[in-house]
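Have a look at the structure below before the remarks.
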Amino acid sequence: MNIIVVGAGIAGLSTAWSLVKAGHSVTLLEQGEAIPNPLAASGDHHRIIRRAYRAAGGYGKVIGEAYDAWDEMWGDLGQNHLDPRGFLCVSLEEGDKIDEYLEGMDLGRWPYDMYQPAEAAKRWPFLDPDSFRYAYFSKDGGALHCRPIATGLADWLRKKGANVYTGSKVVDIDVDDGRVELETGETLRGDRIVVTAGAWVLELFPELEGELKTYRTAVAYVDPPADLRAAWEAAPVMMTGGKADGYLIPFTGGAGMKFGANIHKVRTSDADWNREPVEGEGEAIRNLFSPPFARIDEYRVTEVVTCAYTFTYDETFFAHEKGRVLVVSACSGHGYKFGAAVGRRVAASIGNGDTEGLKRWLRAEA
């Protein structure tokens, strides 16, 4: 089949990769001037991959498939872009997400090491032992390096004969005819169209607003105190509990140390809205990490990167089929780690027509 993929984030790139491997003719359209698009959810330096998920959520049962898909991709790209430095979860209050993730680790029988506060702070001296309940570490996690993954996939697709176009914003899709119209006025037609447009999907399908919500978010890159830098360079990726629901990636792949908090988001109807950082935003994000980090005001903010994410109400992945078009949203704040697996599943559904099975998998029901 001749298939058009709209959007070259990790879901679109992985879908195109899997479709090409299945023998389809693929055209990939990206609105940004480069791949990766720095304004897209997949455009930052790195993302976390880990085993820790809620026991009841279902994704902990399918994360193994994600690891398998990444391994397949590394084989095709000829290079592994995962830094397997492990992950550390720090619980701040009873009943927080770290408690829930611990239940998921136990359910999946994934190994981990439990630390009481004093013991954890001895191993990771940036922690304040008086500020958290406990921590646990698993070696089965780390940081995915997004930018070399994106450039590697784009290069692989071109070498395999796919048409990869940047600066190609889609403004209209005829779902019945399988035709896309570009901002330039050009049109293309495919047997099937897969839309993986991330936060911009509602521009093409505003009727999905009842199921998809767009938020403007930001992360802060920071430099730690000089005496703690060596500890941070050897640190695992981290998640912290409490109200901030924080995540952190230390120095890896030549990129700086990143602080992000799921509480730091603002609802928007425009994915391009307010993409410049506001004064003090980086420091506000940084300060959400005290607790559990000591001396937080000594961490110097070096950069703030904004992003737009699409969420479903229950933070699951999403698919919608209409005519020749399949819309896939694999964001919800945790989509990157499943990106390669999502691409394989979407490509398989295009081949076998089992869209309902794809939807169940995306919701972690199967």
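The values are calculated or read from the model by the stated rules, or taken from the named source; none is laboratory data. This structure is a prediction, so every number in the text was calculated from the model and none was measured. Every residue, glycine as well, gets a Cβ built from its backbone with ideal geometry; the counts of neighbours run over all protein chains shown. For accessibility, only protein heavy atoms count, side chains too; no ligands or nucleic acids. Shrake-Rupley method; radii C 1.70, N 1.55, O 1.52, S 1.80 Å.
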- [ ] For Val278, state whether it is open to solvent by 20 Å² or more (accessible area, probe 1.4 Å), β-branched (Val, Ile, Thr) and free of Cβ contacts under 8 Å to residues at least 12 places away in the same chain.
- [x] yes
Open item on the list: Out of the residues in the range 210-231 meeting the condition of being part of a loop (DSSP other than H, G, I, E, B) and buried (at least 20 other Cβ atoms within 10 Å of the Cβ), tell me which one is modelled with the lowest pLDDT.
Closed with: Leu212
Open item on the list: So, in the range 114-155, how many residues would count as being open to solvent by 10 Å² or more (accessible area, probe 1.4 Å), touching a helix residue (DSSP H, G or I) at 6+ places or on another chain (Cβ under 6 Å) and either free of Cβ contacts under 8 Å to residues at least 24 places away in the same chain or assigned to a helix (DSSP H, G or I) (or both)?
Closed with: 2
Open item on the list: What are the pairs with Cβ atoms under 6 angstrom where one residue, in the range 166-183, is over 30 Å from Thr151 (Cβ atoms) and at pLDDT 95 or above and the other, located anywhere, is of a type in the set (D, E, K, R) and not in a loop (DSSP other than H, G, I, E, B)? Sequence gap at least six, or different chains.
Closed with: Val175/Lys322
TODO: Inspect the range 339-353 for any residue being touching a helix residue (DSSP H, G or I) at 6+ places or on another chain (Cβ under 8 Å), open to solvent by less than 60 Å² (accessible area, probe 1.4 Å) and outside any helix (DSSP H, G or I) and give the result as yes or no.
DONE: no
Open item on the list: Taking the condition of being among the β-branched types (Val, Ile, Thr) and within 19 Å of the chain's Cα centre (by Cα), how many residues in the range 17-39 meet it?
Closed with: 1
Task: Enumeration of residues in the range 288-305 that are surrounded by fewer than 17 Cβ atoms within 10 Å (Cβ to Cβ) and either within 23 Å of the chain's Cα centre (by Cα) or in a loop (DSSP other than H, G, I, E, B) (or both) - done: Ser290, Arg295, Thr302, Glu303
Open item on the list: Out of the residues in the range 156-194 meeting the condition of being assigned to a loop (DSSP other than H, G, I, E, B) and of a type in the set (S, T, N, Q), tell me which one is surrounded by the fewest Cβ atoms within 10 Å (Cβ to Cβ).
Closed with: Thr184
- [ ] Could you tell me whether the range 10-19 includes any residue that is surrounded by fewer than 21 Cβ atoms within 10 Å (Cβ to Cβ), at pLDDT 95 or above, within 20 Å of Lys159 (Cβ to Cβ) and of a type in the set (A, V, I, L, M)?
- [x] no
Open item on the list: Test of understanding: among Ala284, Ala341, which residue is farther than 30 Å from Asp176 by Cα, out of contact with any strand residue (DSSP E or B) (no Cβ under 7 Å at 6 or more places or on another chain) and aliphatic (A, V, I, L, M)?
Closed with: Ala284
TODO: List the number of the failed condition for Trp70; all other conditions in (1) of a type outside the set (Ser, Thr, Tyr); (2) in a loop (DSSP other than H, G, I, E, B); (3) open to solvent by less than 20 Å² (accessible area, probe 1.4 Å); (4) modelled with pLDDT of 95 or more hold.
DONE: (2)
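Rundown of residues vs (1) of a type outside the set (Val, Ile, Thr); (2) in contact with a strand residue (DSSP E or B) (Cβ under 8 Å, 6 or more places away or on another chain); (3) at pLDDT 95 or above, yes/no style:
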residue	(1), (2), (3)
Ala22	yes, no, yes
Leu39	yes, yes, no
Lys61	yes, no, no
Ser91	yes, yes, yes
TODO: Could you list, in sequence order, all residues of the range 232-244 that are without any contact (Cβ under 8 Å) to a residue 60 or more places away in the chain and either part of a strand (DSSP E or B) or surrounded by 22 or more Cβ atoms within 10 Å (Cβ to Cβ) (or both)?
DONE: none
- [ ] Please work out which residue is nearest to Asp297 (Cα to Cα), limiting yourself to the range 256-271 and to residues that are open to solvent by 10 Å² or more (accessible area, probe 1.4 Å) and assigned to a strand (DSSP E or B).
- [x] Lys265
Open item on the list: Can you go through Ser14, Ser42 and tell me which one is within 14 Å of the chain's Cα centre (by Cα), closer than 19 Å to Lys337 by Cα and in a loop (DSSP other than H, G, I, E, B)?
Closed with: Ser42
